[in-house]
1. Work out which helices of the chain, taken as complete DSSP H runs, extend at least 15 Å along their axis over the Cα atoms and score a mean Kyte-Doolittle of -0.5 or more, then list them.
2. Compute the longest continuous run of the chain that contains no exposed GluC sites (Glu not before Pro); treat a site as exposed when its DSSP state is not H, G, I, E or B and it has at most 14 other Cβ atoms within 10 Å.
3. Per DSSP helix of 4 or more residues, -39500 (n - 2.57); summed, then divided by the residues of the chain. What does that give at 222 nm, rounded to the nearest 500?
4. Let me check I've understood the local charge: for Thr15, count other residues with C-beta under 13 angstrom from its C-beta, Lys and Arg +1, Asp and Glu -1. What total comes out?
5. Name the residues whose placed amide hydrogens come within less than 5 Å of the amide hydrogen of Thr15, ignoring near sequence neighbours (fewer than 5 apart) on the same chain.
6. For every other residue with a beta carbon closer than 12 angstrom to the beta carbon of Leu35, add +1 if it is Lys or Arg and -1 if Asp or Glu, then tell me the sum.
7. So which residue, out of Gly19, Gly64, Gly11, gets the largest mean-square fluctuation from a GNM of the chain using Cα contacts under 10 Å as springs?
8. Using modelled amide H (1.01 Å from N, peptide plane; none on Pro or chain starts), what sits under 5 Å from the amide H of Ile197, excluding residues fewer than 5 places away?
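Each reported figure results from applying straightforward, stated rules to the coordinates on display, with no laboratory input. Keep in mind that this is a model prediction, so the values were computed, not measured. All Cβ positions, even for glycine, are placed from backbone atoms using ideal geometry, and neighbour counts span all protein chains on display.
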Amino acid sequence: MSLQRGSKPLGNFITLEGGEGAGKTTQIKLLADGLKTAGIDTVTTREPGGAPAAEVIRSLLVEGDVERWQPMTEALLNYAARLEHVRETIEPALTDGRWVISDRFSDSTVAYQGFGHDLGRAKIERLHELVLGSFEPDLTFVLDLPVDEGLARAENRDGEKGAKEDRYERMSQDFHQRLRDGFLDIARRNPERCAVIDATQSPDDVQKEIRSLINNRLGVSLT
Ligand code: Z5A
């Protein structure tokens, strides 16, 4: 992160990443409960979205034809939404000393547009530097599971989320394999920030691993 440290301690910024149906939403709910029990004031949010203008951009990205956008247009729309999200939601909360947990952040652009749509990692990194400088999460969990399993889970839970929000689920199996490889590459390149979690485990076991890593890396005592 590159925020100025004022008189109050800054909150921590945690992101959850992964392919379709990896279990991010499930884990964020469990984690938010754990942080609340520990007395840590927390904001949960998501991308694309997480601020009023960013939610408007979200619907352009997650609905409609698979071929709706050029890959670079998708990357630019995600960064337009992200700038609003960071300035309107994330930075104010962190400056207040609250923790922020986001369902996806910039690693999703590297994985989906960089790897999935073949734009490449370097272009997305340049875009990130242009829009957000060195701002990045304190800790990122990459929930990893085989593509087939994730897509099957996503299909089963379609009734639980917006019926129209299936644009990425309709992309090819190869696309989903490239983005799984992309997330694992990101984690390999950023070992201090990222931890890969085996998302085929039960939700409770995934959560135990997440809390243990938060305790070790951020110096708190979640049970
Ligand atoms: N996107 C992009 O291309 N570029 C970007 O820069 C950004 C995003 C930021 C919107 O994301 C899309 O935008 C996304 C990438 C693209 N692609 N898609 N789709 P999204 O986060 O809204 O959509 P999503 O990835 O599909 O997330 P999701 O639907 O919210 O899935 P999830 O949060 O990872 O999983 P879940 O809802 O917690 O669980 C799915 C189901 O599995 C559900 O029925 C659970 O009960 C079940 N589940 C969860 N955990 C387990 C375990 N451990 N075992 C068994 N079953 C489980």
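1. Qualifying helices: 24-37, 52-62, 71-85, 121-132.
2. Segment 68-164 is the longest.
3. Value at 222 nm, helices only, nearest 500: -14000 deg cm²/dmol.
4. -1
5. Those qualifying (amide H under 5 Å, at least 5 residues apart or on another chain) are Ser102, Leu139, Thr140, Phe141.
6. Result for the neighbourhood of Leu35: +2.
7. Gly64
8. So Ile197 has HN proximity to Val142, Leu143, Asp144.
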